[in-house]
Amino acid sequence: MSIDWFPVWLSLRVSALATLLSLAIGVALAWVMANRNFSGKNILDAVVTLPLVLPPTVLGYYLLVSVGRNAFPGQLYEKLTGQPLVFTWQAAVLASTLHAVPLLAKSARAAFESVDGRFERAARTLGASELRVFWRVSVPLARRSLLAATVLAFARCMGDFGTTLMVAGDIPGRTQTVSIAIYDAVQSGNGVAARVLVLVVSVVTIAIVYLAGRVERTRETA
């Protein structure tokens, strides 16, 4: 029986793009929360944490309402691209990003808070701007933790199911990610396809977790 490998390649593409988006958003949020005190900081932290604790279907519903054709972001996207956002692979990227941002933000915040503040203060004393301090001091000192968090975020994106199903749907050859394909294979009694896809995902995930562990151990011994 032939195996449809499209869901695997789609999941890899979606996960890669979602991880890049999550890295940019998560690191920015983490740096702000680690280095700035402002009114509403605890509220922002709670909002960032929310996707980690809400059921995926609830997140999917919120996302569906937020980017649907009746919502301004959805209307803007459709005006710019000529097609609705929901039930596309781009919606799957958005769903995975929503799940990965909290993981990256939490890990990156801990990494930034562990950076010795004396180096950052010394850079500011020498006239470095906040942006320069961020790129030349904070990020390099926290880079191994950031890399480990990025690798784990990629794995998290690979495994997203509920939220992706809500906003991207289950369209074979278009929006069917590997997690959804496994579910469909089990429901249809296609045990061979289910086992092969489960094995592929397991191997990829184990490799990712192993890589993240190696990065963390390297950081600890550096």
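Since every read-out is calculated from the coordinates, none of them should be taken as a lab result. Since this is a predicted model, take the numbers as computed values, not measurements. Note that we place each Cβ from the backbone using ideal geometry, even for glycine, and neighbour counts take in every protein chain shown.
Couple of notes before you dig in:
- Residues satisfying the stated conditions in the range 156-170, i.e. acidic (Asp, Glu) and over 16 Å from the mean Cα position of the chain (by Cα): Asp170
- When restricted to residues that are surrounded by 13 or more Cβ atoms within 10 Å (Cβ to Cβ) and aromatic (Phe, Trp, Tyr), the range 1-49 contains 3.
- 2 or more residues hydroxyl-bearing (Ser, Thr, Tyr), over 17 Å from Ser15 (Cα atoms) and free of Cβ contacts under 8 Å to residues at least 60 places away in the same chain: qualifying helices (runs of 4 or more DSSP H) within the range 34-100: 56-67, 72-81
- The combined condition, being touching a residue at least 60 places away in the same chain (Cβ under 8 Å), part of a loop (DSSP other than H, G, I, E, B) and surrounded by 15 or more Cβ atoms within 10 Å (Cβ to Cβ), is not fulfilled by Phe112.
- Filter result for the condition that a residue is surrounded by 21 or more Cβ atoms within 10 Å (Cβ to Cβ) and in contact with a helix residue (DSSP H, G or I) (Cβ under 7 Å, 6 or more places away or on another chain), over Leu98, Leu52: Leu98
- Among the residues making up the range 123-165, a single one is farther than 30 Å from Gly60 by Cβ, touching a residue at least 40 places away in the same chain (Cβ under 8 Å) and among the aromatic types (Phe, Trp, Tyr): Phe134.
- Residue match in the range 166-179 (condition: aliphatic (A, V, I, L, M) and either in contact with a Cys (Cβ under 8 Å, 6 or more places away or on another chain) or loosely packed, with under 15 Cβ neighbours inside 10 Å (or both)): yes
- Residue in the range 173-183 that is of a type in the set (Val, Ile, Thr) and not in a helix (DSSP H, G or I) present: yes
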